[in-house]
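Below you'll find the structure, written out as C-alpha cells, and then a few comments.
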Amino acid sequence: MDDLGVVRREVEELRKRINYHNRCYYVFDNPEVSDAEYDELMRQLQQLEGLYPELIVSDSPTQRVGAAPLESFGVLDHRVPLLSLGNVFSDEELLAWHRRVRKLTDNNQCQFVCELKMDGLAVALTYVDGKLVSGATRGDGFRGENITQNLRTIRSIPLSVSGNIPTRFEVRGEVYLSKSSFKKLNDERVKEGLPLFANPRNAAAGSLRQLDPQVTARRPLDIFIYGWGDGGGEDMPKTHWEMMSYLKSLGFKINSHNSLCASIEEVMDFCGKWRDNRESLPYEADGVVVKVNSFELQKKLGNLAREPRWAIAYKFPAAQGTTRLKKIEIGVGRTGTLNPYAVLEPVSIGGVTIERATLHNEDNIKRKDIREGDMVIVQRAGEVIPQVVGPVIGCRSGEEKPYVMPSHCPACGAEAIRIEGEAMRRCTNAACPEQACRRLEHFASRGGMDIEGIGEELSANLISSGLVEDVSDVYSLTKEKLMSLDRMADKSASKIIQAIEDSKDRPLACLIFALGIFHVGEEVAKVLADHFGSIDKVSSASREELTAIPAIGTKIADSIITFFNQKNHQEIIRKLKEAGVMPEGGRRISAGMGLPLQGREFVLTGKLESLTRREAKERIMGQGGSVSGDVTKSTTDLVVGANPGSKLERARQIGVRQLSEEKFLQLLGEKL
C-alpha cells in the first residue's frame, strides 16, 4: 500500500506538470520545455499507468485518445439554449442595432465586448467537480450531438480545472482549424485521392463528427472559449469581460484580440480594423461578435425568438463569388509538378479582385468536372491561394469541353509523367528554368531562409540573367550585381544584400526546409533538425537512422537520401557552408549552465563594426546564451547593428529588449 501511495503521488505530479505544459503550449502559445522533454514526461506517465491501471482516471492527459469508435452520436440537452446570432452587414445596420439597445436599456453609457467571429463549430462543454464530463454541438440550440470523446482530443480544452469553481458549470466556445492546418489537411487529402474540404469550417465540423476519436485526434483542431453557459451563483463575475478573465485564469483559451469598448464608435473602429486586416489572422474570421458587457443589461434585453437582443454579429464581406473561367493554364513547381490554375474574368471577393485561382491537380478537375468556359464558384480562404470550388452546371451552354492535362512541360517542352500513386504530373527535366525559379523563391521564403525581396519576379530575373544558377549562388550576390538588373534601385539592392546576410543565422530547421527536399515540409524539417543537430548528420543519415524517428516513414527517408546523394545538392551544401551559412546556429548548449547569459535568447540584425556575425554568435553561446534567426516571444535581446532590418520593428512591437553594439559588447565584457 505504501508503494502504491508513492506511485500515486508520482503519477499525480506528472499529470500536474503535463497539464501545466499543455496550457503553456496550446493555450498561451509559450512552451517552456522542448518537445522531447514533454514526450519524456508523457512516456513516464504512460509507463506508470500501464503498470498500475487502477490509477488511471478519465481526466489523465493519456486519456485524450483511446475510446473505441462510436456507432452513432447520442444527443445532449442544453440547459440554457445555445442561441444563434442576428447579423448586420454595415456600419449603418450596426448603429441601428445600437439605437435599439439604448432604447430598451435607457443606458447611454453601455459598454460592449468585441470578439472575432470564428468560422468554426460552436460547442458547449460541461464540467462537474472540475472535470470535463460532456461536450455537445449547438444542434438546434436546445439539443446537440454528444461529441464528448472527440472534444477530449483537443489539447487546448482542459480535461480538468481547479480553483474557485461551481460544482457544475458549462462554457461555450468555437472549435476551428487554422489556415495552415487546413491547407496541410487538404494537401494530405490530395495525396490520398480524397475529396477536399471546401473551407476550414467544413473541415472542423467534419473532424468533430468522426465516429472514431482517433481520426479526430490526428487533426490539429483548436478552440477559443467565448462565453459562460450555465452554473454558478451570486459570487460569479457580473460582466462578460470579467467572466472571460475568470475563465482565462482557470486555464481556458481566450482570444487575445477580444476588446472592451466604451462606446459604439470604438466598436465600429474594431470592426473596421479587422474587416480590413482579417487576412493577417492565422485562422478564418467572418465577422465580429458585439456583446453588451453587463450581464444585468443582457438579462434586461432578453432574447428575440432564437436570437439574443444583447449581441449581434457584424459580418465581413463574402469570401465567395461567381465568375467565368476563361482558360486553364499550367504552372511548374520547384519539384517539377505541373500545377493547373484557372484564369478568371476578374471578380471582387471580400474587397480583393481575383483573376487566378488554384485547381490543385488533374484529378480534382475531373472529379469536379471543371471545364474551360464554365461559370465557377471561387473561394478566397484567407492567406490560402484562391480556389475554384466547382462549376455552376446550370449555366452551361454546351460548348464547354473537359480539360486534358498536357503531356509535356509548358516551360521547357520536356516530357511530363505521372508516377503511379502520385497526384501530380512532373516535368522530367531537372534543368527546367521554371523549376529553378520556384526553388529559389522557396529557398528565400519566410519559412525558409526569409530573404525579403527575393520573390517571384526577382527569382525569375536572377535565373534568366545567369546571376544565380542554384540557391547557394544567392550568397555570391553583391549590390553591384543586383544593380545590373533592370529596375533595381540602390536602396532596394542594399536591403536585399542585408537580408541575405541576415539569413545566414536562420535555424537549422529553416535551412532544411529551404532546400526543398521532396516530402520534407516545415514540421519534418524541425524533427530532423532536433534529432540530428547538423546538416552534415542529416545528409549522411542512413535509411535505418531516419525511419527510427517516429515522424519519418520510408517514403520521406528515401526522399531525403535521394536528395543528398545527388552531386549537385552536395555541391550546394558545400557552397552554403563556404559562404558562412551556419546550419548549426541557434541551438542551445547544455554546457551553458551557470554562465552569465544562460536562459537568454539573442537575435542579431544589421551590421556590427567590431565583430562578424559568426564571432558574435560564438561569444553569446560561449557565455551560455542562445542565438535565433527570428524575433519571437522567446527572444530576450535584439542586438542592433548598422542598417537594421525588419526584425527591429518586430522587436519593438512585442517589447523585446534592444542592445546597441556598445551595450552588447559591455554585456560580453568587451569594449568597442
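The values are calculated or read from the model by the stated rules, or taken from the named source; none is laboratory data. Remember, predicted model here, so these are calculated numbers, not experimental data. We place every Cβ from the backbone using ideal geometry, glycine too, and count neighbours over all the protein chains shown.
Is one or more of the residues making up region 239-257 within 18 Å of Pro81 (Cα to Cα) and touching a Phe, Trp or Tyr at 6+ places or on another chain (Cβ under 8 Å)?
So far as region 239-257 goes, yes, one or more of its residues are within 18 Å of Pro81 (Cα to Cα) and touching a Phe, Trp or Tyr at 6+ places or on another chain (Cβ under 8 Å).
I'd like to check something: does region 300-317 contain any residue that is exposed (fewer than 14 other Cβ atoms within 10 Å of the Cβ), in a strand (DSSP E or B) and of a type in the set (Val, Ile, Thr)?
The answer is no, given that none of the residues of region 300-317 is exposed (fewer than 14 other Cβ atoms within 10 Å of the Cβ), in a strand (DSSP E or B) and of a type in the set (Val, Ile, Thr).
Per-residue answers, yes or no, for (1) in a helix (DSSP H, G or I); (2) farther than 19 Å from Gly629 by Cβ:
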residue	(1), (2)
Ala509	yes, no
Phe513	yes, no
Gly516	no, no
Val520	no, no
Ala525	yes, no
Leu528	yes, no
Lys537	yes, yes
Ala541	no, yes
Leu546	yes, yes
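Six or more apart or on different chains, Cβ atoms under 6 Å: show the pairs whose first residue is in region 287-298 and touching a residue at least 40 places away in the same chain (Cβ under 8 Å) and crowded, with 19+ Cβ neighbours inside 10 Å and whose second is among the aliphatic types (A, V, I, L, M) and assigned to a helix (DSSP H, G or I).
These pairs meet every condition: Val290/Val267.
Just the residues that are of a type outside the set (D, E, K, R) and out of contact with any Lys or Arg (no Cβ under 8 Å at 6 or more places or on another chain), please, taken from region 174-186.
The answer is Val175, Ser178, Ser180, Phe182, Asn186.
Could you tell me which of the residues Ala124, Ala96 is small (Gly, Ala, Ser) and not in a helix (DSSP H, G or I)?
Criteria check complete, one pass: Ala124.
For region 459-508, which residues satisfy the criterion of being β-branched (Val, Ile, Thr) and surrounded by 16 or more Cβ atoms within 10 Å (Cβ to Cβ)?
The answer is Ile463, Val468, Val471, Val474, Ile496, Ile497, Ile500.
Going through Phe169, Phe224, Phe197, Phe182 one at a time, which residue ends up being among the aromatic types (Phe, Trp, Tyr) and part of a loop (DSSP other than H, G, I, E, B)?
Phe197
Would you check which residues across region 429-439 are assigned to a helix (DSSP H, G or I), of a type in the set (A, V, I, L, M) and either within 14 Å of Cys510 (Cα to Cα) or more than 28 Å from the chain's Cα centre (by Cα) (or both) and list them?
none
Would you confirm whether or not region 442-460 contains a residue that is in contact with a Lys or Arg (Cβ under 7 Å, 6 or more places away or on another chain), assigned to a helix (DSSP H, G or I) and not assigned by TED's automatic domain parsing to the domain that holds Arg189?
The answer is yes; a qualifying residue exists.
So, Pro583, is that one modelled with pLDDT under 80 and surrounded by 13 or more Cβ atoms within 10 Å (Cβ to Cβ) or not?
Yes: the conditions hold for Pro583.
Matching residues to (1) assigned by TED's automatic domain parsing to the domain that holds Glu93; (2) in contact with a Lys or Arg (Cβ under 8 Å, 6 or more places away or on another chain); (3) hydrophobic (A, V, I, L, M, F, W, C):
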| position | (1), (2), (3) |
| --- | --- |
| Pro237 | yes, no, no |
| His240 | yes, yes, no |
| Glu284 | yes, yes, no |
| Val289 | yes, yes, yes |
| Asn293 | yes, no, no |
| Trp310 | yes, yes, yes |
| Leu325 | no, yes, yes |
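Out of all the residues in region 378-411, which are more than 21 Å from Thr323 (Cβ to Cβ) and surrounded by 18 or more Cβ atoms within 10 Å (Cβ to Cβ)?
Those that are more than 21 Å from Thr323 (Cβ to Cβ) and surrounded by 18 or more Cβ atoms within 10 Å (Cβ to Cβ): Cys409, Ala411.
Taking the residues in region 114-141 that are touching a Leu at 6+ places or on another chain (Cβ under 8 Å), farther than 18 Å from Asn255 by Cβ and not small (Gly, Ala, Ser) as candidates, determine which candidate is surrounded by the most Cβ atoms within 10 Å (Cβ to Cβ).
Thr137
Of everything in region 348-375, what is in a strand (DSSP E or B) and either among the acidic types (Asp, Glu) or more than 18 Å from Met424 (Cβ to Cβ) (or both)? Give them in sequence order.
Hits for region 348-375 are Ser348, Ile349, Val352, Thr353, Ile354, Glu355, Arg356, Arg371, Glu372, Met375.
Can you tell me which residue within region 198-246, out of those that are farther than 30 Å from Leu359 by Cβ and small (Gly, Ala, Ser), is surrounded by the fewest Cβ atoms within 10 Å (Cβ to Cβ)?
Restricting to residues being farther than 30 Å from Leu359 by Cβ and small (Gly, Ala, Ser), the top hit is Gly233.
Among the polar types (S, T, N, Q) and under 30 Å from Cys412 (Cα atoms) - does that describe any residue in region 370-383?
Looking for residues that are among the polar types (S, T, N, Q) and under 30 Å from Cys412 (Cα atoms), one finds none in region 370-383, hence no.
Filter region 482-533 down to the residues that are of a type in the set (Gly, Ala, Ser) and modelled with pLDDT of 90 or more and list them by number.
Answer for region 482-533, where residues must be of a type in the set (Gly, Ala, Ser) and modelled with pLDDT of 90 or more: Ser484, Ala489, Ser492, Ala493, Ser494, Ala499, Ser503, Ala514, Gly516.
Just the residues that are under 24 Å from Ile496 (Cβ atoms), within 30 Å of the chain's Cα centre (by Cα), among the charged types (D, E, K, R) and at pLDDT 85 or above, please, taken from region 610-665.
Arg652
State whether one or more residues within region 182-194 are surrounded by 19 or more Cβ atoms within 10 Å (Cβ to Cβ) and either closer than 19 Å to Asp77 by Cα or hydroxyl-bearing (Ser, Thr, Tyr) (or both).
Looking through region 182-194, none of the residues is surrounded by 19 or more Cβ atoms within 10 Å (Cβ to Cβ) and either closer than 19 Å to Asp77 by Cα or hydroxyl-bearing (Ser, Thr, Tyr) (or both).
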